[in-house]
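Student: Got a structure for you, written out below as structure tokens; questions coming shortly.
The values are calculated or read from the model by the stated rules, or taken from the named source; none is laboratory data. Every value quoted in this text rests on a predicted model; they were computed, and no experiment measured them. All Cβ positions, even for glycine, are placed from backbone atoms using ideal geometry, and neighbour counts span all protein chains on display. With ligands, DNA and RNA removed, areas are computed over all heavy atoms of the protein, side chains included. Shrake-Rupley method; radii C 1.70, N 1.55, O 1.52, S 1.80 Å.
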Number of protein chains: 2
Amino acid sequence: MARRATVYDVAQRAGVSIATVSFAFTRPEKVKPETIRTVMVAADELGYVPSANARGLARGRTGAIGLYAYDYVLDPPADEHAAEGYERSARLFPLYADEVQRGVQLECRSRGLALMIGGNRTPAHLPHVIEVAGRVDALIAFAGALSVPHLEQAAARMPVVELGGEVRVAGAHTVLVDNRQGMADLTAHLVRVHRYERFAYLGELGTPEFRARREGFESTLEEAGVPVPPVLPAHPGDDATTSASVAALLREGPLPQVLVCDTDQAAVVAIDALRRAGLSVPGDVAVTGFDGIIAGRLLQPILTTVRQPMAAIGRAAVRLLADALDGAEQPTTNEDLVATFSAGGTCGCD
Amino acid sequence: MARRATVYDVAQRAGVSIATVSFAFTRPEKVKPETIRTVMVAADELGYVPSANARGLARGRTGAIGLYAYDYVLDPPADEHAAEGYERSARLFPLYADEVQRGVQLECRSRGLALMIGGNRTPAHLPHVIEVAGRVDALIAFAGALSVPHLEQAAARMPVVELGGEVRVAGAHTVLVDNRQGMADLTAHLVRVHRYERFAYLGELGTPEFRARREGFESTLEEAGVPVPPVLPAHPGDDATTSASVAALLREGPLPQVLVCDTDQAAVVAIDALRRAGLSVPGDVAVTGFDGIIAGRLLQPILTTVRQPMAAIGRAAVRLLADALDGAEQPTTNEDLVATFSAGGTCGCD
DNA sequence: CGCCCTAGGTTATGCGCTTAGATTCTGCGG
DNA sequence: CCGCAGAATCTAAGCGCATAACCTAGGGCG
């Protein structure tokens, strides 16, 4: 592979100094048009591509932002494309994080920012964070993808926005969606329209967002005077746990009228498990989710859920960072992103 | 924002030279265990994050690879999340390129490579390519996303793999799927099972992959002694053209029995247009696509298509590059990736 | 005619890290 | 107690670019 041409090569060929080459590219107003042309021709002939590394080093910033996602699915099952696998492949992609990432990508592109993708399997895996953090000017992280200390460490040195995190993390920005209200709306629908009284709840309380969902659920039931069920464990990306919870539910009876899941991923798995057990959804048990991922729309009937504005979340994050990068401000929380109740068929509506 | 700690800071705090700090991180075997510990403690206290820029500059490589995609959808309609928009949002994501990208991401991650995302709207837009190329050790590009000269320029300086390109580009690797056979299988199904004789074809011939599809189509019809229709223009990402072609078809009659589209995106748009015109699909006209994107599965009935192993394509590309990066070899073409005919309901099957 | 200003360039330095090669330690045999 | 071979560490030289600070040649003006 040929050595990459550098400013020196271009300068020599164009018969100018390297400073002039540099200016020709970055400060055209400081260079005579004719000289610029000479330089450009030389650069072109040499196939010159400026080294972003050198540039970043000299300028002190890279022009790239990083996205750090929690990896629910690092290595999908090998049969992903096999006949059976194909039918289910939409359960692996696109998920919540993927749709948010798309928003990030779109916004980055329209702003001319490069995007660096990183991620890990388990929180608190340091090396990878560093890998990403060292390359970028700013960082977007999903709540739970990075430990709080790591986030704070990063936030001390560059703008960081946490998606759905608590505002607690020192120095980090946050993009928040009102999960609580969304879940409250959904629950209200189940109570008022369907008159359900025996609920089950599948989910977790590991991140602020999940806790907010649970709160919306609890408060609505309490107001309605309906008994609040406990949290049965379910984690997106850990289907085994979800299935086990459903199995326990079936075993221990009596069956609830409706199973409220705190993610679509869990809901999809739960519906599978219920149907495998010979039950009809929503005939015997209604099921609801949260997020609005595509997998829910591929179900028959369509999953009742709360839709998050995923792409908008990603875009908002980039906007926050871009603002922080030029007009260094205080950490901001965004607003006005709402989660919308979306009635499908799995709640019993037709 | 605090100045980032550097090797100098760490060295000073640990009471060693910067070389030792560097070695402690990258060549532990050359440093006394105790010293390593001292260094690590100091680094930790300072929140030291090595600058990938400086590292890349010094080492001559960055450890990142770039993905350069053709952007079908840079700015999706503003109503994307509105009620109407939501129903159709899966038509914008995930598309072919998105699913390939996912494969790239997965493979990069499992190999510890950083991934840099770039892209552009129109081919031949130089600055953006450079932006990406300057940051990475190797590049993946979709056929048609970069002009051949640019590709060659890049390929002269770093490993490049073109997805679905012709092997012609000097020095570039290629990942190829047998599009021809896939389309031939689909066409054979239409001819043998459904006995269709009046075909229409919607698509383009802009890239080798599209041409291969057309060839598979033509040759199968010819063998069967069925008249080969012309190519009516349709471009993924340009719904207007596709709709216009369908309108022309309706206007000029007689209606074909089946409309073969060379992408799922075009097929989805065509089905919309036909139904808006009061026609039933597949009742009045059958329609088929190519790719196997999720949007096709959300249709009623499900779109008949040819499924590409999209994630596998992405993974193969990364593998090729990773190989090229350590054992510099000759440009390779991958193999063994097949496109599979997938009968849905839009061809007339039930 | 001399002075100052400006446009257009150039020189020189440093960004934070890697890495040959030089230097200092350390332990051990003689 | 000395000399010496590793082992451990340090010194110093870049990597390719941006940019502050500095030159130089004209041109306008009093």
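Student: State, in square angstrom and to the nearest 100, the accessible area buried between chains B and A, both chains counted, probe radius 1.4 Å.
Tutor: 6300
Student: When only C-alpha pairs under 8 Å and at least 6 residues apart count, what is the relative contact order of chain A, in percent?
Tutor: Numbers: 624 pairs, mean separation 58.0, N = 350.
Contact order relative to length: 17 percent.
Student: To one decimal place, what orientation-averaged projected area in nm² is obtained for the convex hull of the Cα set of chain A?
Tutor: Working: hull surface 88.0 nm².
It is 22.0 nm².
Student: Let me ask something additional. Hey, what's chain B come to in accessible area per residue, 1.4 Å probe, Å²?
Tutor: Roughly 41 Å² per residue, with all protein chains present.
Student: Between copies, how far apart are the residue A:251 label points? List them in nm, one decimal, shortest first, with each point 7 Å from Cα toward Cβ, please?
Tutor: Sorted ascending, the copy-to-copy spacings read 6.7 nm.
Student: So who's got an amide H within less than 5 Å of the one on residue B:66, skipping anything under 5 residues away but keeping other chains? H placed 1.01 Å off N, in plane.
Tutor: Correct list: B:116, B:137, B:138, B:139, B:140.
Student: Distances from residue A:319 to the same residue in each other copy, label points 7 Å out along Cα→Cβ, in nm, shortest first?
Tutor: 4.2
Student: Sticking with this one: Among B:301-314, B:247-260, how do they line up by average Cβ neighbours within 10 Å per residue, starting with the highest?
Tutor: Highest to lowest by the protection proxy: B:301-314, B:247-260.
Student: Measure off, as a whole percent, the carbon and sulfur share of the 1.4 Å-probe accessible area of the protein assembly as shown, all protein chains present.
Tutor: 52
Student: Please list, by residue number, every one of the GluC sites (Glu not before Pro) in the range A:1-75 that is coil in DSSP and has at most 15 other beta-carbon atoms within 10 Å.
Tutor: Within the range A:1-75, no GluC sites (Glu not before Pro) qualify (loop, at most 15 other Cβ atoms within 10 Å).
Student: Further question: So what is the diffusion coefficient of the range A:301-350 in µm² per second by Stokes-Einstein at 20 °C and 1.002 mPa s, using a Kirkwood Rh over Cα pairs?
Tutor: 163
Student: Shielding of A:134-142 by partners, i.e. mean partner chain Cβ atoms within 10 Å per residue? Walk me through the intermediate numbers first.
Tutor: Values: counts 11, 13, 2, 0, 0, 0, 0, 0, 0.
Mean partner-chain Cβ count within 10 Å for A:134-142: 3.
Student: Calculate how steeply helix A:310-326 sits against the longest principal axis of the alpha-carbon atoms of chain A, using the helix alpha-carbon long axis, and give the answer as 0 to 90 degrees to the nearest 10.
Tutor: Orientation of helix A:310-326: about 40 degrees from the principal axis.
Student: Taking only C-alpha pairs under 8 Å that are 6+ residues apart, what is the relative contact order of the range A:204-290 in percent?
Tutor: The value is 26 percent.
Student: What is the helix-to-structure angle for A:33-46, meaning the angle in degrees between its Cα long axis and the longest Cα principal axis of chain A, kept from 0 to 90 and rounded to the nearest 10?
Tutor: In chain A, helix A:33-46 runs at an angle near 70 degrees to the longest axis.
Student: Distance from the Cα centre of the range A:95-115 to that of the range B:300-350, in angstrom?
Tutor: 24
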